[in-house]
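Contents: one structure, followed by commentary.
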Amino acid sequence: MPELMSGDFSAASEPFQLFAEWMDEATRAEINDPNAMAVATVDEDGMPDVRMVLLKSADPGGFVFYTNYESAKGRQILAHPKAALVFHWKSLRRQIRVRGTVASVTVEEADAYYQSRARGSRIGAWASRQSRPLENRFALETEVARYAAKFGLGSIPRPPHWSGFRITPLAIEFWHDRPFRLHDRIRFTRPAADQPWDKVRLYP
């Protein structure tokens, strides 16, 4: 089992460096997708919705992932630009919770990331009508073949409905497993993105 981080992480004065340290350790410890995170949104009725996505970048500006804007999560975020995230690293017995506001990434960021994807994934972004009913697998494969033929060996532009979101955190909580369920919890909060962080230790 991977060695757990020694020391008291409550000494951290701001959350982003601590997040980077934990992500670095998770990258070495987790077998699959250490950058996987749950993204929670709400629909037009206020009903919560959650799914796993992959974090593509994180810095003091926020947490970025990419998706089809016509998908369920895309429509929900565009209508209600707030979201919550959870990272859970079972091998390290750690969890990070994030809450904040959401905005689209820039066109330049979306284009650059899209072009870094595998060719098959770029074709898939055109072929998949994400979150909508699919008659059968053959229908999807037909669309993939159609777009593969359309683009041939040439460049594949980013679909206008495919881009990224950046969650700007207003709250970040770090959780570390301890014996007898007496876990360590440290929460950072701020009233706005341009304000300093407040830190508090929470009861488990």
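Could you list 200, 98, 105 so that the one with the fewest beta carbons within 10 Å of its beta carbon is first and the one with the most is last?
The order, fewest Cβ neighbours first, is 200, 105, 98.
Using Cα pairs under 8 angstrom and six or more residues apart, how large is the relative contact order of the chain, in percent?
The value is 21 percent.
When you take every Cα atom in the chain, what is the radius of gyration, and what is Dmax, the widest Cα pair distance, in Å?
19.2, 59
Obtain the nm distance between the two label points defined at residue 104 and residue 43 by a simple spin-label model: each point lies 7 Å from its Cα along the Cα-to-C-beta direction.
Between residue 104 and residue 43, the simple spin-label model gives 2.4 nm.
Please work out the FRET efficiency for the pair residue 161 and residue 8, using the Cβ-Cβ distance as r and a Förster radius of 45 Å; give the result to the nearest 0.05.
Efficiency, from the Cβ-Cβ distance: 0.45.
Within a 10 angstrom radius of the beta carbon, how do 143, 21 rank from fewest other beta carbons to most?
Fewest-to-most ranking of 143, 21: 21, 143.
If we sort 41-51, 83-93, 173-183, 132-142 on the protection proxy, mean other Cβ atoms within 10 Å, highest first, what's the order?
Packing order, densest peptide first, comes out as 83-93, 173-183, 41-51, 132-142.
Can you show me the helix-derived [θ] at 222 nm for the chain, built from DSSP H runs with n ≥ 4 at -39,500 (n - 2.57) apiece and divided by the number of residues, rounded to the nearest 500.
-8500 deg cm²/dmol
FYI, it's all coordinate maths here, none of it is from the lab. Bear in mind that the values here come from a model prediction, so they are computed numbers and not experimental data. As a convention, Cβ positions derive from the backbone with ideal geometry for all residues, glycine included, and neighbour counts pool all protein chains shown.
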